[in-house]
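Report on one structure; see the data block that follows.
The values are calculated or read from the model by the stated rules, or taken from the named source; none is laboratory data. As the structure is a computational prediction, the values presented were derived from the model and not from experiment. So basically every Cβ, Gly included, is an ideal-geometry build from the backbone, and we count neighbours across all protein chains shown. Just so you know, the surface numbers come from the protein's heavy atoms only, side chains and all, with ligands and any DNA or RNA stripped out. Shrake-Rupley method; radii C 1.70, N 1.55, O 1.52, S 1.80 Å.
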Amino acid sequence: MAKKPPKPAPRRIFQERLKITALPLYFEGFLLVKRSGDQEYQHYWTELRGTTLFFYTDKKSTIYVGKLDIIDLVCLTGQHSTEKNCAKFTLVLPKEEVHLKQTENTESGEEWRGFILTVTEVIRLHEVLEREKKRRTETDQVPVIPAEKEKEPVQDYADVLNPLPECFYAVSRKEATEMLEKNPSLGNLILRPGSDSRNYSITIRQEIEMPRIKHFKVMRTGKNYTIELEKPVTLPNLFSVIDYFVKETRGNLRPFIYSADDNVGQEPNKEERSEKLKKNPHNA
């Protein structure tokens with residue numbers, strides 16, 4: 001039987017680490033880490049804050065013993081493991097490869113993968129947006145553009161200006177299910193990361209005769225997105241994917257919109273951390 005995920009660090013420790021790093025916490029847990037030059041894996045309590053992994057000797061330490069910036073992540077590759085309840089993957093960075101191993105349970109390993117990929121992708125999207133704003137500002141200072149240029153479509157920038165729908169959360173399959181079951185009044189459709197850096201998944205909760213949870217893969221195909229149904233449906237962006245589910249169910253499916261005000265004054269949980277990431281990528 002897989003072990004239960006470890007409890008988060010005590011609130012006092014959480015506050016001290018926040019003060020030292022000055023970065024938002026998105027995910028945490030035990031990891032075995034082997035960096036370039038290491039002969040063996042080192043056991044650390046690890047926190048993903050912003051785009052940096054901070055390593056601590058144990059859950060109660062306030063001072064980190066090492067850190068790793070992953071903003072320039074080239075790719076994240078999974079590795080087959082013969083060990084029970086073990087997830088192994090490698091972070092490929094421009095100057096080194098870092099091997100990570102999670103031995104608590106495989107689901108926790110998938111959560112690490114999802115959060116790392118989502119953090120780096122959202123931050124890069126935001127950087128693209130800032131460059132685009134700067135380009136447009138500079139363009140506005142150029143003499144009048146010929147009429148034929150003014151008619152050029154601008155929909156190519158839709159995904160840059162609106163990176164992800166409001167019902168997107170950087171959560172796992174299990175967490176999405178729990179969010180829908182515990183908060184039915186907030187909606188019944190969640191968009192979440194897929195198992196790799198390119199694709200996504202939809203989790204829905206329907207009440208026909210009894211509540212049922214379903215999951216659908218949304219695959220990136222070129223510039224489009226394909227919903228893997230019996231008859232696959234291809235749409236131009238993730239917003240159209242959400243609209244498709246809403247319209248096909250005549251409004252029975254509603255995007256899940258989470259309000260952080262429901263937990264004011266409490267230590268951020270995984271859902272709040274995902275909401276922070278989506279709405280405030282500058283803090284990463």
Report the accessible area of E178, computed with a 1.4 Å probe over the heavy atoms of all protein chains in place, in Å² rounded to the nearest 10. 60
Accessible area of the range 1-130 with a 1.4 Å probe: how many percent of it is carbon plus sulfur? 52
Can you order the peptides 229-239, 120-130 by their average number of other Cβ atoms within 10 Å per residue, highest first? 120-130, 229-239
Rounded to the nearest 0.05, what FRET efficiency do V246 and C75 have when you use their Cβ-Cβ distance and R0 = 35 Å? 0.55
Just how far, in whole angstrom, is the range 182-230 from the range 42-109 if you go by their alpha carbon centroids? 27
Under the 0.36 nm per residue contour assumption, what length would be gained going from the current alpha-carbon distance of E181 and I13 to full extension? 57.4 nm
Subset of K60/K88; K60/K84; K34/K84; K84/K214; K133/K231 violating a 29 Å alpha-carbon distance limit: K133/K231
Taking 0.36 nm per residue of separation between E230 and K84 and subtracting their Cα-Cα distance, the length gained on full extension comes to 49.2 nm
Could you sort R12, R212, R17 by their accessible area in this structure, using a 1.4 Å probe and putting the largest first? R12, R212, R17
Subtracting the Cα-Cα distance of T57 and E207 from 0.36 nm times their residue separation yields 49.4 nm
Quick one: grab the alpha carbon gyration tensor of the range 53-105, order the square roots of its eigenvalues as a ≥ b ≥ c, and give me rounded if a/c is under 1.5, else prolate or oblate depending on whether a/b is larger than b/c. oblate
